[in-house]
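Taking it in order: structure first as structure tokens, then the write-up.
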Amino acid sequence: MKKLFTFSLLSMLMIALLSNSCKKADTPPTNTELLTRSPWILLSASASGTDVTNNPLLTCFKDNIITFAAAGTFNVNESAVICSPSTAGNFTWTFQSGETQLVLSAPLFPGGSGTFSLSVLNESSLVISQNVTIPPSPTPIAVIFTFRH
């Protein structure tokens with residue numbers, strides 16, 4: 001009887017160990033899951049290596065809350081400081097070029113477009129860039145925008 005009990009116990013232990021080792025590892029989140037996890041707020045902006053976060057042209061954008069939905073829509077909520085004209089509303093978004101570009105149906109910032117190069121997208125950061133024309137200069141320059149949750 002003792003041998004049967006020991007054999008049964010060892011069998012159950014082996015089955016438990018084998019079934020546990022066969023589980024698949026957690027899959028990393030997709031870019032869509034990372035983008036849509038929670039709202040984003042502008043943390044910083046830099047143009048040609050110079051911090052332009054406090055540029056008067058960006059004042060009304062710094063407190064905007066941008067919320068992306070998995071269905072391909074996003075919302076801009078202007079919070080306390082309202083832009084004139086308003087940038088609030090509902091828009092659409094997609095990934096393009098193998099998810100290296102984030103394409104929005106409306107520009108987020110004046111002098112820019114809706115197409116951004118995607119540099120970083122993880123659980124806490126979204127870093128996108130594009131060429132922006134910042135008045136009074138007529139020449140577009142590369143601007144990097146960093147967002148956080």
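Summary of values
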quantity	calculated
All positions within segment 25-43 that are in contact with a Lys or Arg (Cβ under 9 Å, 6 or more places away or on another chain) and either in a strand (DSSP E or B) or surrounded by fewer than 13 Cβ atoms within 10 Å (Cβ to Cβ) (or both)	TRP40, ILE41, LEU42, LEU43
Given (1) of a type outside the set (Gly, Ala, Ser); (2) more than 16 Å from ASN31 (Cβ to Cβ); (3) part of a loop (DSSP other than H, G, I, E, B), index of the condition GLU123 fails	(2)
Hey, SER79 open to solvent by 30 Å² or more (accessible area, probe 1.4 Å) and assigned to a loop (DSSP other than H, G, I, E, B) or not	yes
Qualifying residues in segment 122-149 (those that are among the hydrophobic types (A, V, I, L, M, F, W, C) and open to solvent by 30 Å² or more (accessible area, probe 1.4 Å)) - the one farthest from LEU102 (Cα to Cα)	ILE134
Residues being farther than 14 Å from ALA106 by Cβ and in contact with a helix residue (DSSP H, G or I) (Cβ under 6 Å, 6 or more places away or on another chain) - total across segment 70-93	2
Members of segment 104-141 found to be modelled with pLDDT of 95 or more and of a type in the set (A, V, I, L, M, F, W, C), listed by number	LEU104, PHE116, LEU118, VAL120, LEU121, LEU126, VAL127, ILE128
Selection status of THR30, in contact with a strand residue (DSSP E or B) (Cβ under 9 Å, 6 or more places away or on another chain) and within 15 Å of LEU126 (Cβ to Cβ)	no
Among (1) farther than 18 Å from PRO140 by Cβ; (2) modelled with pLDDT of 95 or more - the single one SER79 does not satisfy	(2)
Odd one out for SER48 among (1) at pLDDT 95 or above; (2) within 16 Å of GLY112 (Cα to Cα)	(1)
Meets criteria (part of a loop (DSSP other than H, G, I, E, B) and open to solvent by 30 Å² or more (accessible area, probe 1.4 Å)) for GLY112	no
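The values are calculated or read from the model by the stated rules, or taken from the named source; none is laboratory data. A quick note: this is a predicted structure, and the numbers were derived from the prediction, not measured. As a convention, Cβ positions derive from the backbone with ideal geometry for all residues, glycine included, and neighbour counts pool all protein chains shown. These area figures cover heavy atoms from the full protein model, side chains too; ligands, DNA and RNA do not enter into them. Shrake-Rupley method; radii C 1.70, N 1.55, O 1.52, S 1.80 Å.
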